[in-house]
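The values are calculated or read from the model by the stated rules, or taken from the named source; none is laboratory data. Everything numeric in this text was worked out from a predicted model, so none of it was measured. So basically every Cβ, Gly included, is an ideal-geometry build from the backbone, and we count neighbours across all protein chains shown. All accessible areas refer to the heavy atoms of the entire protein, side chains included, with ligands and DNA or RNA removed. Shrake-Rupley method; radii C 1.70, N 1.55, O 1.52, S 1.80 Å.
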Amino acid sequence: MELDRRQRAQVAIMKPLARALLGAPAVRRHFLARHHQELDAGLDPDLVVLAAIDRKTGDSQVWHHGPREARRRMCTSVGIADDPGAALPVTVTPSRVRGAIGPLPTRVYRPRDLPTPAPTLVFFHGGGWVVGDLDTHDGLCRKLAAHGRVQVIAVDYRLAPEHPYPAAADDAIAAFRDVAARAGEFGADPRRLAIGGDSAGGNLSAVIAQATRGDAVAPALQALFYPATDLTCSFPSHQRMADAFILGARAIAWYRGHYLGPDPSEARLREPAGSPYHAVDVAGVAPAYVLTAGFDPLRDEAIAYADRLRAAGVRVVARDEPALVHGFLLITRLSAACARVTDAVCAEVGALLRG
């Protein structure tokens, strides 16, 4: 969703103000003292302050809004919180891929001196299958391309509730298969064709890896950034982090309700197209890079899925960031720790795919 005039003005005002607030010693002392429990528990100090401000503004409280307003608010929030990566040496080209029922908009990100055919990551954005788009994740895709030295093809799949489950999963599978079939057209190396995404996008990537493991061109890598893998929400971190910054229990219920409907059955919650953790067999899927954050309700299910993959003989590279929160890859302008880790993650994923 492109920012409208009002949103652009809001971002222009809030970007320097947010940085100034975070850097003001009196403000930091005030919030860190009032929320010392989170600081003592290990949450990054910048994120302690941001979480305190968020509780006052309600910016991340999606359950107070409908999907359209939540989408608008996410675009504004990312515009304030994330470094857009505009100076990175990456060429961005609009394109289209085939979805389950029709064409899907995409963006192709390519480092300017990357040889052809190139290692390529097909990327699916997060946002609970309800919010998020090519614009919200533009900065992250630029960083993945530049720091990872790979081509990135970002896919704008259909969102709920207009297109409920399993529309997003169907689109994601179809999109990967279309890129695989058109690898030459995209300048992609079919032997080094990966899938990846954050949160809901990590969920979709895990689903793709299972669905396409027997294809002639299967993924060479699945990059799962704090992925949702179990829609039953039954792992302990859901209770432990029920009030977490960015993503808590009420937000998860809002997202899941729009994607699956208000009262999904236990059987529906365990279907592998939504909960890849519950697949009967995960053997033979692509090697995985699994990123988790300590202050994230999804942490335990992501770790459990990585454990299932290892037990099935799948190679897994895991990275846990105990001081960070769900969604930290999009907070790189307001947290030095988030920026540092994001750049490292992008480099690691690229190295694995190029290797």
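Inspection of region 81-101 finds a residue satisfying the criterion of being of a type outside the set (Asp, Glu), part of a helix (DSSP H, G or I) and either touching a residue at least 60 places away in the same chain (Cβ under 8 Å) or farther than 30 Å from ALA146 by Cα (or both). Filtered by the rule that a residue be crowded, with 24+ Cβ neighbours inside 10 Å and either among the hydroxyl-bearing types (Ser, Thr, Tyr) or without any contact (Cβ under 8 Å) to a residue 12 or more places away in the chain (or both), region 219-233 gives TYR226, THR229.
Scanning region 105-114 for residues that are open to solvent by 10 Å² or more (accessible area, probe 1.4 Å) and modelled with pLDDT of 95 or more yields PRO105, ARG107, VAL108, ARG110, LEU114. Being in contact (Cβ under 8 Å) with a residue 40 or more places away in the chain, open to solvent by 20 Å² or more (accessible area, probe 1.4 Å) and either over 18 Å from VAL131 (Cα atoms) or in a loop (DSSP other than H, G, I, E, B) (or both) holds for only one residue in ALA216, ALA267, ALA242, and it is ALA242. If I filter region 179-186 for residues that are open to solvent by less than 10 Å² (accessible area, probe 1.4 Å), at negative phi, assigned to a strand (DSSP E or B) and modelled with pLDDT of 95 or more, do I get at least one hit? No, region 179-186 contains no residue that is open to solvent by less than 10 Å² (accessible area, probe 1.4 Å), at negative phi, assigned to a strand (DSSP E or B) and modelled with pLDDT of 95 or more. Taken over region 312-337, the criterion of being under 17 Å from HIS125 (Cβ atoms), part of a helix (DSSP H, G or I) and not aromatic (Phe, Trp, Tyr) is satisfied by LEU329, LEU330.
With respect to (1) over 23 Å from the mean Cα position of the chain (by Cα); (2) at pLDDT 80 or above; (3) open to solvent by 80 Å² or more (accessible area, probe 1.4 Å); (4) not β-branched (Val, Ile, Thr), the lone exception for ARG5 is condition (2). Can you say whether ALA118 is within 26 Å of GLN151 (Cα to Cα) and open to solvent by 20 Å² or more (accessible area, probe 1.4 Å), as far as the supplied structure shows? So ALA118 does not fit the description; no.
Okay, residues lined up against (1) in a strand (DSSP E or B); (2) open to solvent by 10 Å² or more (accessible area, probe 1.4 Å):
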{"residue": "LEU144", "(1), (2)": "no, no"}
{"residue": "ILE153", "(1), (2)": "yes, no"}
{"residue": "GLU162", "(1), (2)": "no, yes"}
{"residue": "TYR165", "(1), (2)": "no, yes"}
{"residue": "PHE176", "(1), (2)": "no, no"}
{"residue": "ALA194", "(1), (2)": "yes, no"}
{"residue": "GLY202", "(1), (2)": "no, no"}
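Screening the candidates ARG333, ARG315 for the property of being of a type in the set (D, E, K, R), over 30 Å from ALA24 (Cα atoms) and modelled with pLDDT of 95 or more yields one hit, ARG315. In this structure, does LEU309 turn out to be over 26 Å from ASP170 (Cα atoms), more than 17 Å from the chain's Cα centre (by Cα) and not in a strand (DSSP E or B)? So LEU309 fails the test.
Here PRO105 meets each of (1) in contact with a Lys or Arg (Cβ under 7 Å, 6 or more places away or on another chain); (2) part of a helix (DSSP H, G or I); (3) of a type outside the set (S, T, N, Q) with one exception, condition (2). Only one of the listed residues (PRO236, PRO262) is on the phi < 0 side of the Ramachandran plot, surrounded by fewer than 18 Cβ atoms within 10 Å (Cβ to Cβ) and modelled with pLDDT under 95. That residue is PRO262. If you go through region 10-44 and pick out every residue that is open to solvent by less than 50 Å² (accessible area, probe 1.4 Å) and assigned to a helix (DSSP H, G or I), you end up with 7.
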